[in-house]
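One structure is given below, encoded as structure tokens.
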Amino acid sequence: MTTVQATANLLDADIFPAEKGPPHALFDAWRAETPVHWNPPSPDYVVTLPGSSMTKGFWVLTRYQDVVDVSKDQERFSSHEGGSVIWDLNDDMLMRQRASFMNFLPSPHAAIKRVIWPAFAANAIRSLGPDIERLAVELIDEVAASGKCEFVFDVASKLPVYTFCELMGIPEAMRAEVVDLGNAIADVETTASRSMDPTLRLFAIAEELSEAKRRQPDGSLMSLLVHDTTLGLEQININMLFNVIAIAGHETTRS
């Protein structure tokens, strides 16, 4: 690992390749010298997320307990006011961020958790076991004939999203597109080169499914959301929840 100066900027595109991953030496230095560290904007940093910029900079917390304390202090720290990403968002993008339950104010956030939590409870997940095993067999069968695969994209990235599709009541014919869109959204570095915003396409799928579930309820999580009368959810809220769960399968479970 190379030596990184404590004055380094996390927006420097060379840091992560040079360190072959997270710059742990830099974080060690900040933890010792400025554990609550201000990272200023960089004139060389190019923002690829539409509707956003990087003109303000951001704080970096390097101590575990500080992260815990900030995460639990909803009076002084908010993911609603400016969103939950480091970029500075324009009004439209900030409105989209605030429509996500991750960025709700505390009271509506707790309310939606009460509604969706049963779908993720232990018994509910155990009941999905046979479906998950069936999906795993399907994926292995797809790659077995060639005798080789790129495991992350051919298996690990698909299984959690296929499971998400079962949970949300997404038809099998849509699964492959949902996987591709989730991968595209997760790959924020190449956003600027795309001809289509994958988030908007996932929104369109969510709206198509919402309409189908309104016409024909089926007990899926998407059906539960569109028929719930206690939350007062608008379609944008359902779209954002759909996106969050779709992306979660890519960014966490596959790893």
Query - Listed residues V67, V47, V179 arranged by accessible area, highest first, probe 1.4 Å - result: V67, V47, V179
Query - Sparse-neighbourhood loop sites, trypsin sites (Lys or Arg not before Pro) in segment 98-186 - DSSP loop, at most 15 other Cβ within 10 angstrom - result: K148
Query raised in the report: Per residue, how much accessible area does segment 142-244 show when a 1.4 Å probe rolls over the protein heavy atoms, in square angstrom?
Result: 50 Å²
Requested in this report: For segment 55-126, give the magnitude of the charge dipole about the Cα centre (Cβ charges: +1 Lys/Arg, -1 Asp/Glu; no others), in debye to the nearest 20.
Outcome: 380 debye
Report summary line: Other residues with Cβ under 14 Å from the Cβ of T34 give, with Lys and Arg +1 and Asp and Glu -1, a net charge of -1
Report task. Could you grab the Rg to Rh ratio for segment 101-240? Cα atoms only, Kirkwood for Rh. Result -> 0.99
Report summary line: Net charge (Lys, Arg +1; Asp, Glu -1) of residues whose beta-carbon lies under 10 Å from that of F104, F104 excluded, is +2
**Report entry** Point-charge dipole on Cβ atoms (K/R +1, D/E -1) for the chain, about Cα centre, debye to 20
**Finding:** 580 debye
Query raised in the report: Hey, what's segment 1-121 come to in accessible area per residue, 1.4 Å probe, Å²?
Result: 65 Å²
Query raised in the report: Equivalent-ellipsoid semi-axes (√(5λ), Cα gyration tensor) for segment 63-105, whole Å, largest first?
Result: 22, 11, 8
Report summary line: GNM of the chain, Cα pairs under 10 angstrom: of L139, L221, L159, the biggest fluctuation goes to L139
Report task. Provide the three semi-axes, in whole Å and in decreasing order, of the ellipsoid equivalent to segment 35-116 as defined by the square roots of 5 times the Cα gyration tensor eigenvalues. Result -> 24, 20, 8
Requested in this report: Using only Cα atoms, figure out Rg for the chain and give it as a multiple of 2.2 N^0.38 Å.
Outcome: 1.13
Query raised in the report: In the chain, carbon and sulfur make up what percent of the accessible area (probe 1.4 Å)?
Result: 57 percent
**Report entry** Gaussian network model of the chain, Cα within-10 Å springs - most flexible of F104, F27, F242
**Finding:** F27
Report task. Compare M93, M102 by solvent-accessible area with a 1.4 Å probe and give them largest first, with all protein chains kept in place. Result -> M102, M93
Report task. Anything in the chain that counts as a DSSP H helix reaching 18 Å or more along its axis (C-alpha) with Kyte-Doolittle mean of at least -0.5? List them, would you? Result -> 129-144, 198-215, 235-248
Query raised in the report: Which of T199, A110, V137 sits closest to the plus end of the dipole of the chain, meaning its Cα is farthest towards the positive end, when Lys and Arg get +1 and Asp and Glu get -1 on the C-beta?
Result: A110
Requested in this report: Answer with one residue from H24, T229, S42: the one whose Cα lies farthest towards the positive end of the charge dipole of the chain, charges on Cβ with Lys, Arg +1 and Asp, Glu -1.
Outcome: T229
Query raised in the report: With every protein chain kept in the model, how would you rank D91, D14, D197 by accessible area, 1.4 Å probe, largest at the top?
Result: D91, D14, D197
Report task. Considering the convex hull of the alpha carbon atoms of segment 123-162, report its projected area averaged over all viewing directions, in nm², one decimal. Result -> 2.7 nm²
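Using the C-alpha atoms of segment 56-184, what convex hull volume per residue, in cubic angstrom, is computed?
Expressed per residue, the convex hull around the Cα atoms of segment 56-184 is 182 Å³.
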Query raised in the report: How much of R254 can a 1.4 Å solvent probe reach, expressed as accessible area in Å² and rounded to 10?
Result: 60 Å²
Query raised in the report: Any idea how far apart S53 and S78 come out in nm if each label point goes 7 Å out from Cα toward Cβ?
Result: 2.2 nm
Query raised in the report: In whole Å and largest first, what semi-axes does the C-alpha gyration tensor of segment 3-74 yield when each eigenvalue is scaled by 5 and square-rooted?
Result: 21, 18, 11
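The values are calculated or read from the model by the stated rules, or taken from the named source; none is laboratory data. No experiment lies behind these values; they were computed from the predicted model shown. Neighbour counts are summed over all protein chains in view; Cβ atoms, including those assigned to glycine, are modelled from backbone coordinates with ideal geometry. When the accessible area is computed, the model is the full protein with side chains, heavy atoms only, and any ligands, DNA or RNA have been set aside. Shrake-Rupley method; radii C 1.70, N 1.55, O 1.52, S 1.80 Å.
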